[in-house]
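The values are calculated or read from the model by the stated rules, or taken from the named source; none is laboratory data. A quick note: this is a predicted structure, and the numbers were derived from the prediction, not measured. Note that we place each Cβ from the backbone using ideal geometry, even for glycine, and neighbour counts take in every protein chain shown. Only protein heavy atoms, including side chains, enter the accessible area calculation; ligands, DNA and RNA are left aside. Shrake-Rupley method; radii C 1.70, N 1.55, O 1.52, S 1.80 Å.
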Amino acid sequence: MSASVGTAHTSILFSMVLRINPSRMVNMKKLTLSFLIVLFTLTSNVVWSADYNKGVTAYNIGDFTTALLEFKPLAEQGDDDAQFWLGRVYYNQKKYEEAAIALAEFNSIYPNDPRFQKTTLLIAEAAVNFAPKNQLCDILSQSLEFMVNPSEKFKKRINSLQLEKQCLTE
């Protein structure tokens, strides 16, 4: 028996069990697929919004594992808020390299976001935990050099890190 005959027999048997003829099965498959597409389209915004809110709630109670699961897919789809929170989640999980990468990506994609200064400071804080001294000192000095109108708090914290890590030369 050839493979196509076997497949035909399986299809006929399947349709007999369901008491549906093969031509109606194709129509039902199309109908089911169409229904699922419409359902997904109508609910996709609600689902993503709920995921974001669930991520914020999880973050606020310190459930960083759940927050990561909620924010990561949203960030991968280009959600700026999720990208910001993703970096913060990594930071709080003490995954400093991942935090710096996520926050640097946020800064590169959204350079005019009002949280830019906050994310730059978090990148510097994260780098303290993993970067070799020469790279860390470069990151800290560049943070000051490239920040437009840095706040006093920002300047003080970067200067404090530079002193603490002995980056400033006399």
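Reported count of residues in segment 69-104, each being surrounded by fewer than 23 Cβ atoms within 10 Å (Cβ to Cβ), touching a residue at least 24 places away in the same chain (Cβ under 8 Å) and closer than 21 Å to L136 by Cα, is 7. Looking across segment 140-170, just one residue is at pLDDT 95 or above, surrounded by 14 or more Cβ atoms within 10 Å (Cβ to Cβ) and either of a type in the set (V, I, T) or out of contact with any Leu (no Cβ under 9 Å at 6 or more places or on another chain) (or both), and that is I158. Taken over segment 114-135, the residue count meeting the criterion of being open to solvent by 70 Å² or more (accessible area, probe 1.4 Å), more than 15 Å from Q166 (Cβ to Cβ) and in contact with a Lys or Arg (Cβ under 9 Å, 6 or more places away or on another chain) is 1.
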